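All of the numbers you see were taken from the coordinates with simple rules; none came from a lab. All of these numbers come straight from a predicted model, not from anything done at the bench. Positions of Cβ are generated from backbone atoms using ideal geometry, with glycine treated the same way; all protein chains shown enter the neighbour counts.
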Amino acid sequence: MQTALLIEQILNGLQFGVMLFLMAAGLTLIFGVMGVINLAHGSLYMLGAFACAAVAAATGSFWLGLVASLATAAAAGAIVELLVVRRLYDRDHLDQVLATFALILIFSEGTRWLFGSFPLYLDIPPVLSGAIDLPGGARYQLYRLAIIGVGIAVAIGLYLLISKTRLGMRIRAGQSDREMIAALGVDIQTLYTVVFALGAALAGLAGAMVGALQSVQVGMGEPVLILAFVVIVIGGIGSIKGALVGAALVGLVDTLGRFLLPKVFALFLGPSEGTTVGAALASMLIYVVMALILAFRPRGLFAAGT
Amino acid sequence: MAETVLSIRNLRKSFGALKATDNVSLDLCAGEIHALIGPNGAGKTTLIHQIAGAVKQDGGTIAFLGRDIGGLGVAERARLGLGRSFQISSLAAEFSALRNVMLAVQSRQGSSLRVLRPVMRDSSLTEPALAMLERVGLAGRAHVPAAELSHGERRRLEIAITLALRPRAFLFDEPMAGMGPEGSKSLIGLLNDLRQEAPILLVEHDMDAVFALADRVSVLVYGRVVATGSVSEIRSNTEVRRAYFGEHL
Amino acid sequence: MKRMRSETPIGFLLAGLLLLVPLAAWALDEPFYITLATRVAILALAAVGLNLALGLGGLVSFGHAAFFGIGGYTAGILATHASTLQPLMTWPIEVGGSDQMLVIWPVAMILSGLVALVIGAISLRTSGVYFIMITLAFAQMIYYFAISWPAYGGEDGVPLALRNAFPAIVTSLPLNFFLICYALLIAALYLFARIRDSRFGAALQGARQNEVRLAAVGISPFPIRLAAFVLSGMMTGLAGALFADLNRFVSPSMLSWQMSGELIVLILLGGTGRLFGPVAGAMLFVLLESILGGFTDRWQLFLGLILLGAVLFARGGLVGLLAGKVHHG
């Protein structure tokens with residue numbers, strides 16, 4: 001019985017990690033290639049969720065909604081890049097932070113204006129609504145397993161994209177020397193727009209998938225964004241591998257921490273106080289882990305150049 | 001033999017497979033100007049970075065005034081008396097020329113954790129700083145922001161800041177870079193007078209400056225010192241001529 | 001030669017305006033505007049704190065809400081324990097609560113200073129983007145801790161039944177409390193100016209402009225930055241304690257990332273690094289909040305547009321617009 005619960009929590013941790021990976025991969029690509037910190041990434045996550053929910057409600061099909069979420073997020077990303085981010089490449093980090101923070105306000109309030117303050121609901125597609133049996137006797141939602149599967153597929157896809165395609169080559173070259181590849185005639189402007197849209201699409205995908213598990217509402221993206229930052233700090237900016245490792249670490253540590261710490265403290269402090277203390281400490285756990293990792297590796301585990 | 005101020009022994013630094021510094025040993029003695037020359041890519045700037053503390057060496061020792069400084073950071077080495085100027089001017093762009101020099105004066109005087117007196121009204125900072133600016137001929141531009149100075153003025157400000165530290169040894173990384181003939185001439189004069197205050201390790205491409213100033217010359221090629229000697233010895237050294245493909249010498 | 005900054009008269013004008021409005025409101029018996037002005041003063045104080053780290057030091061902290069909230073919770077927790085007469089702790093020594101501002105303020109500043117010391121020691125070893133993300137993360141950590149610690153309200157926050165006390169002053173009167181906050185703001189502005197013009201300020205600004213140059217002249221950037229970050233946290237913490245008294249309520253939203261963003265916005269609107277920037281920014285922000293907010297609940301959309309415009313086109317903020325660029329002498 002306990003094993004089943006543990007396995008379930010580990011899988012939950014992996015599923016959480018997948019979502020973080022999708023966010024972090026986009027963010028780290030954008031920063032690695034373009035040198036821009038994008039606080040509006042959480043908004044792109046939210047837009048993906050809203051697009052999926054709205055289209056799914058209108059057409060009755062989750063899958064159409066998913067396509068819509070990818071398209072909407074990518075399009076929004078491209079527009080943001082063309083209109084705003086393009087002007088930020090030579091600016092200092094403060095300006096980038098402020099401009100993308102302004103975008104958060106615009107997207108959040110704009111979405112609230114369109115959809116109101118109440119959450120939207122998104123249903124899990126029927127084909128994935130079952131559960132399968134796990135060793136140990138528990139049953140695990142098929143949908144969550146599918147999310148993990150998507151994460152693995154995306155990770156492989158990104159790996160292939162970056163190491164085996166010309167676009168990937170340009171991305172890698174752009175990460176090491178921006179001015180050089182411009183001098184070599186690579187169309188930087190288009191490259192940047194493509195990379196930004198790609199990152200946005202990943203965020204939108206994450207939002208859409210999670211939307212079916214939790215509700216879709218304004219402000220859902222920022223807590224995830226901040227966690228994605230923790231992932232990037234742990235993994236090292238600019239490294240997709242770092243994003244993968246960091247995301248798995250954060251997802252597992254957070255989920256297992258919230259599951260185990262209350263129980264552990266309940267042993268010492270009694271059920272009621274122990275659970276409270278454990279839960280409160282569990283909410284701080286990944287940040288403590290981040291701080292510890294930073295103490296030894298100030299630039300993360302896989303920072304470019306290590 | 002004059003006192004050895006800076007002593008580098010068997011210094012090594014590699015970037016991957018590239019040996020940027022390959023078992024380099026050299027000395028800087030009191031009262032001398034020791035020029036470091038070599039073709040592009042020889043590793044001169046990397047060597048300066050290691051001496052100044054900006055890059056950590058892979059092996060070997062760096063001794064300054066008899067003390068091993070290999071493990072110290074940039075700021076500590078500067079406080080011990082190692083005054084370094086940069087190949088590409090590195091200035092506080094918004095501060096005026098005067099305030100840039102005042103930073104060095106403030107550092108030499110000790111603690112920066114003081115909040116009581118406004119610096120612009122502190123003559124113990126402004127006067128020495130102004131004196132340094134006069135020495136490099138920038139007194140008239142004292143209140144101009146560093147970003148608005150001309151290239152030659154910025155190079156001179158670099159020197160003034162380094163002078164203000166009153167270092168025990170100077171590390172000049174291509175001070176003539178980008179200076180016209182007038183500027184170079186006055187800078188050569190300045191450096192010539194400086195050697196009495198503290199010895200100078202001078203990295204330079206400008207051969208007129210090297211021949212006019214250097215007591216000794218070391219030639220760096222592919223990270224190794226291929227020759228050390230007086231100017232005339234180096235000029236007639238065949239290996240050195242080969243390294244430079246017969247140019248300049 | 002001392003340059004007359006055109007910024008100073010404009011600053012005095014703004015500070016004077018901030019004093020005049022509540023005095024007029026008091027004369028006209030409109031306490032709402034006194035409260036509004038107090039809000040401006042407190043936000044400005046918080047922003048002066050951030051301006052030390054961000055404006056002078058170039059440290060883009062997206063986690064200053066942590067200090068604002070710590071100051072607030074200090075006030076709330078001490079006041080709660082004072083009113084319930086329950087000690088805060090009994091071991092190793094008995095510590096009771098307090099409803100005296102003169103006790104609460106130092107405690108709030110010491111606590112936020114200590115937290116700033118820890119956060120700064122960890123995050124100042126990193127640079128650039130890492131620093132922004134790490135400060136954001138630590139503030140978030142404190143936020144999550146606060147809402148999951150039920151003893152002090154969790155998500156509901158901590159109410160203050162009565163405004164805390166100050167010797168010889170009836171603090172519950174709006175004008176009196178405003179004057180206390182205003183006096184602290186003026187003191188903070190004076191301190192900021194002294195720091196900016198001092199050796200410490202020179203080193204700090206030197207570190208912002210060119211840390212390589214600073215190290216090359218023999219000054220290590222890290223201790224300077226850490227000291228600035230701690231001072232900055234203490235000042236913002238004090239503002240948080242005042243904010244708790246203003247609203248007679250400590251909300252966990254004081255610790256939120258939105259609050260951190262708001263503080264940075266205040267500084268940008270007013271002019272990053274400018275002495276009176278935080279005052280201008282706070283006035284502008286509260287004006288927008290009340291006027292625009294009166295028209296629509298979606299006023300933050302327009303704030304976002306204005307902010308975007310300001311970042312892209314009007315970088316010097318309000319003070320920059322009125323007084324021109326900074327002259328560093």
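Here are a few things to note about the model shown:
- According to the calculation over all Cα-Cα pairs in the protein assembly as shown, the P(r) per 10 Å bin from zero is 2, 11, 19, 21, 20, 14, 8, 4, 1, 0 %.
- Mean Cβ count within 10 Å, highest first, over the residues of peptides A:65-76, B:157-168, C:180-191: B:157-168, A:65-76, C:180-191
- Amide H partners (placed H, <5 Å) of B:ALA169, local residues excluded: B:GLY83
- Of all lysines in the structure, those lying under 26 Å Cα to Cα from B:LYS56, and not within fewer than 8 positions of it along the same chain, are B:LYS13, B:LYS19, B:LYS44.
- 3J(HN,Hα) along segment A:31-48, derived from phi through the Karplus expression 6.51 cos²θ - 1.76 cosθ + 1.60 where θ = phi - 60°, amounts to 6, x, 7, 10, x, 10, 8, 10, 6, 7, 4, x, 5, 5, 4, 4, 4, x Hz, with x in place of Gly and Pro.
- Shielding value for C:264-273 is 2, the average number of Cβ atoms from other chains within 10 Å of each residue's Cβ.
- Site pair C:LEU117 and C:PHE145 shows an inter-label distance of 1.5 nm when each label is modelled 7 Å from Cα along Cα→Cβ.
- Taking a straight line from the alpha carbon of C:LYS325, these lysines sit under 25 Å away, with near neighbours fewer than eight places off in the same chain left out: C:LYS2.
- For A:ARG86, A:ARG170, the sequence from fewest to most other C-beta atoms within 10 Å is A:ARG86, A:ARG170.
- Over segment A:158-306, Cα pairs under 8 Å with separation of 6+ residues give a relative contact order of 20 percent.
- Magnitude of the charge dipole, the protein assembly as shown, Cβ model with Lys/Arg +1 and Asp/Glu -1, debye to 20: 1260 debye
- Placed amide H near B:ALA227: partners under 5 Å, 5+ positions off or other chain: B:VAL219
- A simple rule links phi to the HN-Hα coupling: the Karplus curve 6.51 cos²θ - 1.76 cosθ + 1.60 with θ = phi - 60°, which for segment C:277-288 gives x, x, 5, 4, x, 5, 5, 4, 5, 5, 4, 4 Hz, with x for Gly and Pro.
- Net charge dipole size for segment A:137-270 [Lys, Arg +1 and Asp, Glu -1 on Cβ; Debye, nearest 20]: 400 debye
- Ranking B:LEU113, B:ALA129, B:SER184 by Cα position along the charge dipole of segment B:100-249, where only Lys, Arg, Asp and Glu carry charges on their C-beta atoms, puts B:LEU113 farthest toward the positive end.
- Part-to-part distance (alpha-carbon centres) for segment C:42-109 and segment C:162-226, which is given in Å: 16 Å
- Per-residue Karplus couplings for segment B:172-178, computed as 6.51 cos²θ - 1.76 cosθ + 1.60 with θ equal to phi - 60°, are listed in order as 9, 9, 6, x, 7, 3, x Hz, Gly and Pro entered as x.
- Pairwise label distance in nanometres, A:PHE118 with B:SER123, each label 7 Å out on the Cα-Cβ vector: 7.8 nm
- Whole-Å distance, taken between Cα centres, linking segment C:296-311 and segment A:169-235: 24 Å
- Spatially proximal aspartates and glutamates relative to A:LYS241 (Cα-Cα < 18 Å; intrachain offsets below 8 disregarded): none
- Legend: mean number of C-beta atoms from other chains within 10 angstrom of residue C-beta atoms, peptide C:132-143, equals 6.
- Degrees, to the nearest 10: A:62-83 long Cα axis against longest axis of chain A: 40 degrees
- Looking at the protein assembly as shown alone, DSSP beta bridges between its own residues are antiparallel in about 65 percent of cases.
- Taking the C-alpha atoms only, the angle from helix A:142-164 to the longest principal axis of chain A is near 30 degrees.
- Nearest-20 debye value, chain A charge dipole, Cβ charges on Lys, Arg, Asp, Glu: 480 debye
- For the pair C:THR84 and B:TYR222, label points projected 7 Å from Cα toward Cβ lie 7.8 nm apart.
- Ordering of C:207-213, B:178-184, C:308-314 by burial proxy (mean other Cβ atoms within 10 Å per residue, highest first): C:207-213, C:308-314, B:178-184
- Per-residue average of Cβ from other chains inside 10 Å of B:84-93: 3
- Ordering B:MET102, B:PRO175, B:LEU202 by the projection of their Cα atoms onto the charge dipole of segment B:96-215, which places +1 on the Cβ of Lys and Arg and -1 on the Cβ of Asp and Glu, puts B:MET102 at the extreme positive end.
- Burial order of peptide ranges B:73-84, C:235-246, A:115-126, A:94-105 (average beta-carbon count within 10 Å, highest first): C:235-246, A:94-105, B:73-84, A:115-126
- Residues whose placed amide H lies under 5 Å from that of B:ALA35, excluding near-sequence neighbours: B:LEU202, B:ASP215, B:ARG216, B:VAL217, B:SER218
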